[in-house]
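A short worksheet on the structure shown next.
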Amino acid sequence: MLPAESAPFGTFFVPGPTEIRPEILAQMTRPMIGHRGRAFEAMFARIEAGLRDVFLTSRPVYVGATSATGFMEMAIRNAPEGAILSLVNGGFSERFAKVAESCGRRVERIVVPWGGTFNLDLIEERLAAEKFIAVTVAHSETSTGVLTDVRAIAPIAHLHGAFLIVDSVSGLGGAKLTVDESGLDFVLTGSQKALALPAGLAFAVASAEYVERAKKVENRGFYFDIVQYDSYAAKNQTPSTPATSLLYALEAQMGDIGREGIERRWDRHIAMRDATIDWVKGMQDRRGVELGIIAPEGARSPTVTAISLPAGMTAKEVREAITARGYTVGGGYGQLADSTFRIGHMGDHTVDGVKRCLHACETAITELAERRRLVRV
Ligand SMILES: *Cc1c(COP(=O)(O)O)cnc(C)c1O
């Protein structure tokens, strides 16, 4: 695989959208084909096979022309009647709670501070105390860079008769996730994060039981009806017009991901994360600038790191200084907007590419620190 940096237009280390290789972008100029014909169905079958190898599932993978938030809504609209328990540890897991509320659900939250992780006993206590139909959780919480062990939560949810709904928008394709083996009931992601594709597609897997139960859900809506998605997937089609140009890019990317192998892809992401963490830790010794990592050790996402800045340095000026050196990193998100910046080390980037980005970050931040006399050597 070519390093993503070969793209002629600046280098994106944003936690979505991520850098897309030019040969993937070029696929989108292929001519149209009808979406109810043989050629389309053959392409869709190849795409499905690739996606199943990424989700590690034998279930169909639904492909929607929507941003990932649409499929968050899909998860809720199709869930059986009942209250939702949302595990909230950052901006995107809070979004899931809001999506559920806006669909008319009663939502209870287990809230931990941003950057925090969940105590499994506490989750168990809440589920034992009250009946919930589903639990929502962010696998990789993109606002803080915290990775949640969703595999450990699944049996607890099931023990109490609740489905586990997983937002793996910045996880899937970068951070290890095994849908079938972990017993996850609904998992969704988007195209523009670790899958390194243009924005505009969402993907989801629902367990057979989830789809069966959905059939009895009234007013589950039309566009995100998983019963429709499921029956069309069986014919290698989508219920309404697919974003065919985006599917061309997806088909090519599935081929490349298959050739890399999902396990090697996970390993590459861990290596990119570790390079980032080592860099953060070394900034104090090398440059006298104290940076911090929001996510605690043992719960750091392989795809995104939120880095705290010394007092007096703002995320805005840091990003601008890094951009001036040819790299685009992410700003802080939500309540961490001013005090952190985020590096999206995900998608098709390499460890060497991440190191070049970190080098640019280092010069930019050191210059800012010197200018403000924050250096305490
Ligand atoms: C980006 C992101 C979303 C939202 O995805 P959209 O494609 O913008 O709708 C949701 N959850 C997480 C964890 C994300 O990183």
Within the range 217-227, is there a residue that is of a type in the set (S, T, N, Q) and modelled with pLDDT of 95 or more? no
Count of residues meeting criterion [touching a Phe, Trp or Tyr at 6+ places or on another chain (Cβ under 7 Å) and not in a loop (DSSP other than H, G, I, E, B)] in the range 231-255: 1
Kindly indicate whether Ala138 is touching a strand residue (DSSP E or B) at 6+ places or on another chain (Cβ under 6 Å), in contact (Cβ under 8 Å) with a residue 12 or more places away in the chain, more than 12 Å from the ligand (Cβ to nearest atom) and on the phi < 0 side of the Ramachandran plot. no
Would you check if there is a residue in the range 193-204 being touching a Lys or Arg at 6+ places or on another chain (Cβ under 8 Å), within 16 Å of the ligand (Cβ to nearest atom) and aliphatic (A, V, I, L, M)? yes
Please work out which one of (1) surrounded by fewer than 21 Cβ atoms within 10 Å (Cβ to Cβ); (2) in contact (Cβ under 8 Å) with a residue 24 or more places away in the chain; (3) in contact with a helix residue (DSSP H, G or I) (Cβ under 9 Å, 6 or more places away or on another chain) is the condition Arg259 fails and give its number. (3)
Which condition number does Thr148 fail, the rest of (1) over 21 Å from Leu56 (Cα atoms); (2) within 16 Å of the ligand (Cβ to nearest atom) being met? (1)
With the condition kept exactly as written, say whether any residue in the range 108-116 is buried (at least 24 other Cβ atoms within 10 Å of the Cβ), over 30 Å from His345 (Cα atoms), modelled with pLDDT of 95 or more and not assigned by TED's automatic domain parsing to the domain that holds Ser308. no
If you take the residues in the range 292-312 that are crowded, with 22+ Cβ neighbours inside 10 Å and either over 22 Å from the mean Cα position of the chain (by Cα) or among the polar types (S, T, N, Q) (or both), which one is nearest to Glu19 (Cα to Cα)? Thr303
Of the numbered conditions (1) among the β-branched types (Val, Ile, Thr); (2) more than 11 Å from the ligand (Cβ to nearest atom); (3) out of contact with any Lys or Arg (no Cβ under 6 Å at 6 or more places or on another chain), Val166 satisfies every one except a single condition; which is it? (2)
Tell me, please, whether a residue that is within 12 Å of the ligand (Cβ to nearest atom), assigned to a loop (DSSP other than H, G, I, E, B) and surrounded by fewer than 24 Cβ atoms within 10 Å (Cβ to Cβ) can be found in the range 67-76. yes
Looking at the range 294-304 only, could you name the residues that are under 13 Å from Lys281 (Cα atoms) and within 16 Å of the ligand (Cβ to nearest atom)? Ile294
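The values are calculated or read from the model by the stated rules, or taken from the named source; none is laboratory data. Owing to the predicted nature of the structure, the values given are computational and were not obtained by experimental measurement. Backbone-built Cβ (ideal geometry, glycine too); neighbour counts: all protein chains shown.
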